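Participant: Please read through the structure below; I'll follow up with questions.
Taken together, the values in this text are just the output of simple stated rules run on the coordinates, not laboratory data. Please read these numbers as outputs of a predicted model, since none were measured by experiment. Note that we place each Cβ from the backbone using ideal geometry, even for glycine, and neighbour counts take in every protein chain shown.
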Amino acid sequence: MLSIDFIQKNKEKVITAAKNKNRVVDIDRILELDKIRRDLIQKNQKLREERNALAKNKVDDSVKKRGKEIKEELKGIEESLKKTEEELNKLISFVPNVPLDEVPVGKNTDDNVEIKKWGKITKFDFEPKSHIELGKNLDLIDFERGAKVSGFRGYFLKNAAAQLHFAILFYVFNKLIKKGYTPIIAPAIVKGFTLFGAGQFPWGEQEVYKLNDNDAYLAGTAEVPVTSYYASEILDEKGLPKKFVALSPCFRREAGSYGKDLKGLYRLHEFWKIEQVFIGKNDMLEAKKLHEELQKNSEEILQDLNLPYRVLLMCTGDMGEPQVKKFDIETWMPSRNGYGETMSNSIMGDFQTRRLKIKYRNKTGQTEYCFSLNNTALASPRILIAILENYQQKDGSIVIPKVLQSLVGFEKIKALA
């Protein structure tokens, strides 16, 4: 969330940022409401000062009469102030973050900028199969029974695919723990304030599964609970940055994706994810260094797996509302004859921490809002698309990436007789 002071001082910049993120905001109404709010607070204060002064006077009929008038006036002002602040806070909650100057302005995916490629595109001397065909031929994935049991986008991972799924999650989790990150298993059931704090609400509410309890939802990423870990707390600057590697199940309605990726493992209602979450100082130079660290981690994972990928700098129209800068990594998927998104890496500035009231006390004793960053280290089973398809062999078998062979206990998924 942007502060009202920032909006006042950077009105045109905020309006432009919202436009570039394809969002409609009413900044004039926000500033009008803020003026009304300030005026009401000033009137409230003056009346309270008058009431305090009145209390020192000798009580007579005029004093009693004025005391009753002040009481009624204060009641009216406080009611107006409450309504004004409710409308103001609601409108501010829809104002997206302002991207950094180096972020390209664009409307959609066509305007993202490719900044790096790694690895050679997999070439086959035979007609390669999709992960859907491989999954069926090798008894690795059952979409039909998955749909029967779970509904649309349901699936069962079986046999070697189930082992591979656990192996890749375990491998990445341990890899990041060795870098000194705090391992955490995050809850998937969260309260509404966490989704608002992360910036999922109000924009992405249609994507979230709501449970029957009054205030319970299923998180679509560990970013939501882990970023909220320090909600309403003041941290010590000496302990920053906090670096977490979090494992959690994830649930998404995919309400905005009708007609997209209807088959296969690419777009699912439930999956597992390892998320990197950093909570750091209010320092953009440091945040950019941490952003590069997160990026390096994700690229190392794909290089360990020897999977070709490319890195995109996301344009304003294809980044989320809370983000000031975002990289996406897309991994080569032969069945798509192209790259598919597997990781995203974002700087949020103090947008999330303002909503969550996460501060730190600096060296001078003053408090500032922290910065937050997050990065998808791995999402499975989506990553299995790239592994199964890129490592398939002419005889119908699939070679296991070397770094995972000791974890699954075999080198190859053999073709069925």
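Participant: Just to be sure I understand the model, the point goes 7 Å from the Cα along the line to the Cβ. What's the resulting ASP26 to ARG66 distance in nm?
Facilitator: In this crude label model, ASP26 to ARG66 measures out at 4.0 nm.
Participant: With Cα Rg over 2.2 N^0.38 Å defined as stated, name the option among (1) 0.96; (2) 1.09; (3) 1.21 computed from the structure displayed.
Facilitator: Calculated Cα Rg over 2.2 N^0.38 Å: the matching label is (3).
Participant: Something else: Testing the spin-label approximation: label points 7 Å from Cα along Cα→Cβ at LYS46 and LYS116. State their distance in nm.
Facilitator: For LYS46 paired with LYS116, the spin-label model returns 6.0 nm.
Participant: Only bridges whose two residues both fall in the stretch 109-413 count here: according to DSSP, what percent of them are antiparallel, nearest 5?
Facilitator: The answer is about 90 percent antiparallel.
Participant: Shifting gears a bit: Test of understanding: what is the full-extension gain from ALA147 to THR364, defined as 0.36 nm times their sequence separation minus their Cα-Cα distance?
Facilitator: Difference between extended and current length: 72.3 nm.
Participant: Defining a contact as two alpha carbons under 8 Å apart and six or more residues distant in sequence, what relative contact order in percent does the stretch 109-413 show?
Facilitator: Worked out over the stretch 109-413, it gives 23 percent.
Participant: For the chain, find the longest principal axis of its Cα atoms and tell me its angle to the long axis of helix 159-177, 0 to 90°, nearest 10.
Facilitator: Once rounded, the angle reads 50 degrees.
Participant: Taking the 0 to 90 degree range and rounding to the nearest ten, how far is the long axis of helix 61-93 tilted relative to the main principal axis of the chain, both from C-alpha atoms?
Facilitator: Tilt relative to the chain: about 20 degrees.
Participant: By how many degrees, between 0 and 90 and to the nearest 10, does the Cα long axis of helix 11-20 differ from the longest principal axis of the chain?
Facilitator: Long axis of 11-20 versus the principal axis of the chain: about 30 degrees.
Participant: Now, a different point. Counting helices only, and only those DSSP H runs with n ≥ 4, report the 222 nm mean residue ellipticity of the chain as the sum of -39,500 (n - 2.57) divided by its residues, in deg cm²/dmol to the nearest 500.
Facilitator: Helices in the chain give a 222 nm mean residue ellipticity of -12500 deg cm²/dmol.
Participant: What's the center-to-center distance, using Cα atoms, between the stretch 172-243 and the stretch 51-83 in Å?
Facilitator: Result: 46 Å between the Cα centres.
Participant: Still on this model: Please report the relative contact order for the stretch 109-189, taking Cα pairs under 8 Å with a sequence separation of at least 6, and give it as a percent rounded to a whole number.
Facilitator: The value is 15 percent.
Participant: Counting Lys and Arg as +1 and Asp and Glu as -1, each charge on the Cβ, what is the dipole of the stretch 114-179 about the Cα centre in debye, to the nearest 20?
Facilitator: Computed charge dipole of the stretch 114-179: roughly 460 debye.
Participant: Between LYS238 and GLU270, with labels modelled 7 Å along Cα→Cβ, what's the label distance in nm to one decimal, could you check?
Facilitator: In this crude spin-label approximation the distance works out to 4.5 nm.
Participant: Please give the Cα centre distance for the stretch 127-158 versus the stretch 1-41, rounded to the nearest Å.
Facilitator: Using only Cα atoms, the two centres lie 49 Å from each other.
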